[in-house]
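Enquirer: Sharing a structure, written as structure tokens. Questions coming.
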Amino acid sequence: MAGGKDNREDILSRINSPKDLKGLSWEELNRLAVQIRRLLIEVVSRTGGHLSSNLGTVELTLALHLVFDLPRDKIIWDVGHQTYTHKIITGRRKRFHTLRQRGGISGFTTPEESPYDIYGAGHASTALSVALGMATARDLKGEDFHVVAVVGDGSLTGGVALEALNQIGFLKRRLIIVLNDNKYSISPNVGALSGYLNYIISGQIYLKVKEQVAALLEHLPGGRKMIEVGRALEDKLKKIFVPGMLFEQLGIKYMGPISGHSIRHLKKALEDAKQYDYPVLLHVVTKKGKGYKPAERSANLFHSSPKFDIKTGQFKKKPRPSFSQVFSRTLIEMAERDERIIAITAAMPEGTGLMEFKERFPRRFFDVGIAEQHAVLFAAGLSREGLLPVAAIYSTFLQRAYDMLYHDLAIMNLQVTIGIDRAGIVGGDGPTHQGIFDMAYLRIFPNFVIMAPKDENELRHMLYTSVYYPGPSTLRYPRDMVYGVKMDGELKRIPVGKGEVLRQGRDLLMVAVGTMVRPAMEAAETLSRRGIEATVVNARFIKPLDQDLICSLAKAHGAVLTLEEGVVDGGFGSAVREVLDAKGINVKFGRIGVPSALIPHGAREELLKELGLDPESVALRAEEFLYGEKKS
């Protein structure tokens, strides 16, 4: 059975808090790990979620809770998506089936959900800085507790993690860093630092030799004494097998590498790490997807998994491709004609659909790791040398490159395209991942063009327009399947800053952008049946706006309603209102969009309906906007 066979006592049902782990034998703990893996696979197959990373951290999580006393001791996870086992053993087992569902438990650490969730983290590379801050606060207040940062090797590609390591080695606060080394962030790790870690474990030569020698000595007379002597020489041996000792040179005690799937070894190593009064890094080698063969074979695909069939490991098929796939295939089509086109991703080749581009043009594809700031700057350098870089980055992660977007793209007015994937409501990942702020934070920058397609056909033309626009431009599209509209054969440029009228009416002007165009059109049909005729404009561009079109239609209608799948404060609707005010056009004005609030996790369709962004809700809100209540 997936997750391992265990027909003996159900140990998991007895675990309601970390204290319940303390009395278990090693055999019981190992059986518990099997039972947890089984639960992880069963639940995630139904809800979707981060499977492979959690299968890899089961024993590590159990060992951490055996050694440390939460919530008095502090464990900060980087990233919080690898904490499903932590949630299960900290009192949330009975609710685990609600994972990522509306009203259910979060897929990330959430302090509001449990006192055991010390810190919320949905973005990588943050834990080291936070842990150092907590350890420093502890020392300044004269308190005494342990601070542990559990960091994936992929997170070390983020610049802020390296900044934190630099200060950790300088301040030398008592702090334990558990480096969970599984060779992955989401996709296989890239870069020199990942190569260094691979060199350390080098096929796990050091780890294998150490374990084999210990096993041999155990059976020889005086072997235990020899093992103790060997441990005293371990640091010297590591300098032979682990050249460089980067962490030691930074002022951080290095321990390991050790197996991340032996609870006994992990517990001993963590207890040893507690004895130091300065920073310690414990290098733990784990296998992403452990215990479920499909996830072991395709750890990247099961990183953030949709629903799947447990027996076959096959994902539940979607009837149509995603917007990300159309983006990638269009980029391939363009790259076949223009060798200047370069594709860039920040550790998301699968999520952004760029794996196909990588396979077709390996020399023109670059995965920079979890390093969005570098991705934008790298693109800037390519652009300065006459190439046409296209960086596909999730909306929520693009925020991390905010300064580079202004300082390097806007000021330099460089010809760089940013594909803003997962723009709008993303669903199960919750507040840390909702892509609702990009329109508001990008439209204030000079020289930027910001566009959003109404469907997949327009996405193709917008990408073509964006790549050849002589300045920085962004193209935002949702985490969703395409609509199935007819696709044009030939790519064409859309006039920058020009909208289009899709429907004529007399009572109300609805100006929609991106994913809200279709709900606006459907709502207009509903309103028509109620005797209200609406004009619907597909704005296409958030910046620059089609001021002539909007202003002329606003004067003719006297009532304007904007629609956007983004935060209304400072967003697209605000931009329209600013234009009308600047022109002195006094009309009845309303905005439909996402409130400036933390949007919880849940199914995308469910959240859109709750936010009043589905066609039925839009029609109702439009009628209430015009008349103060329903007309009929």
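The values are calculated or read from the model by the stated rules, or taken from the named source; none is laboratory data. Model, not experiment: these values are computed from the prediction. Neighbour counts are summed over all protein chains in view; Cβ atoms, including those assigned to glycine, are modelled from backbone coordinates with ideal geometry.
Enquirer: Restricting to segment 303-320, give me the number of residues that are modelled with pLDDT of 85 or more and either touching a Ser or Thr at 6+ places or on another chain (Cβ under 6 Å) or among the polar types (S, T, N, Q) (or both).
Expert: Residues in segment 303-320 being modelled with pLDDT of 85 or more and either touching a Ser or Thr at 6+ places or on another chain (Cβ under 6 Å) or among the polar types (S, T, N, Q) (or both): 4 in total.
Enquirer: Are there any pairs, at least 6 apart or on different chains, whose C-beta atoms fall under 6 Å, with the first in segment 578-602 and of a type in the set (D, E, K, R) and the second in a strand (DSSP E or B) and surrounded by 13 or more Cβ atoms within 10 Å (Cβ to Cβ), and if so, which?
Expert: From segment 578-602, the pairs are Lys588/Ala559; Arg591/Thr562.
Enquirer: Going by the structure shown, is Asp546 closer than 24 Å to Val496 by Cα and loosely packed, with under 15 Cβ neighbours inside 10 Å?
Expert: No.
Enquirer: Further question: Would you mention how many residues in segment 107-126 are over 14 Å from the mean Cα position of the chain (by Cα) and surrounded by 21 or more Cβ atoms within 10 Å (Cβ to Cβ)?
Expert: 3
Enquirer: Any residue at all in segment 586-608 that is out of contact with any Pro (no Cβ under 7 Å at 6 or more places or on another chain), more than 20 Å from Ala523 (Cα to Cα) and β-branched (Val, Ile, Thr)?
Expert: Within segment 586-608, one or more residues are out of contact with any Pro (no Cβ under 7 Å at 6 or more places or on another chain), more than 20 Å from Ala523 (Cα to Cα) and β-branched (Val, Ile, Thr).
Enquirer: Okay, moving on. Tally the residues that are crowded, with 17+ Cβ neighbours inside 10 Å and of a type in the set (Gly, Ala, Ser), restricting the search to segment 472-504.
Expert: Qualifying residue count for the region: 3.
Enquirer: Is it the case that some residue within segment 29-41 is closer than 24 Å to Gly602 by Cα, outside any strand (DSSP E or B), out of contact with any helix residue (DSSP H, G or I) (no Cβ under 8 Å at 6 or more places or on another chain) and not small (Gly, Ala, Ser)?
Expert: Within segment 29-41 (the criterion being closer than 24 Å to Gly602 by Cα, outside any strand (DSSP E or B), out of contact with any helix residue (DSSP H, G or I) (no Cβ under 8 Å at 6 or more places or on another chain) and not small (Gly, Ala, Ser)), the answer is yes, since at least one residue qualifies.
Enquirer: Another one. Would you pick out the residues in segment 279-295 that are modelled with pLDDT under 95 and assigned to a loop (DSSP other than H, G, I, E, B)?
Expert: Once the filter is applied, which keeps residues that are modelled with pLDDT under 95 and assigned to a loop (DSSP other than H, G, I, E, B), segment 279-295 yields Thr286, Lys287, Lys288, Gly289, Lys290, Gly291, Tyr292.
Enquirer: Restricting attention to segment 529-539, does a residue exist that is charged (D, E, K, R) and under 34 Å from the mean Cα position of the chain (by Cα)?
Expert: no
Enquirer: So, one more: When segment 127-141 is examined, which residues are found to be crowded, with 22+ Cβ neighbours inside 10 Å and more than 22 Å from Gly154 (Cβ to Cβ)?
Expert: Ala135 - this is the single residue of segment 127-141 that is crowded, with 22+ Cβ neighbours inside 10 Å and more than 22 Å from Gly154 (Cβ to Cβ).
Enquirer: Which condition breaks for Asp144 when tested against (1) farther than 28 Å from Lys19 by Cβ; (2) exposed (fewer than 15 other Cβ atoms within 10 Å of the Cβ); (3) not hydroxyl-bearing (Ser, Thr, Tyr)?
Expert: Of (1) farther than 28 Å from Lys19 by Cβ; (2) exposed (fewer than 15 other Cβ atoms within 10 Å of the Cβ); (3) not hydroxyl-bearing (Ser, Thr, Tyr), only one is false for Asp144: (1).
Enquirer: If you don't mind, there's one more thing I want to ask. Could you please tell me which pairs satisfy a Cβ distance under 6 Å, a separation of 6+ or placement on different chains, a first residue in segment 454-473 that is under 18 Å from Met487 (Cβ atoms) and aliphatic (A, V, I, L, M), and a second residue that is modelled with pLDDT of 95 or more and assigned to a loop (DSSP other than H, G, I, E, B)?
Expert: Every condition considered, the pairs that remain are Leu459/Pro453; Leu459/Tyr477; Met462/Pro453.
Enquirer: Follow-up. Could you go through segment 520-527 and let me know if any residue there is of a type in the set (A, V, I, L, M), assigned to a helix (DSSP H, G or I) and closer than 25 Å to Gly430 by Cβ.
Expert: No, segment 520-527 contains no residue that is of a type in the set (A, V, I, L, M), assigned to a helix (DSSP H, G or I) and closer than 25 Å to Gly430 by Cβ.
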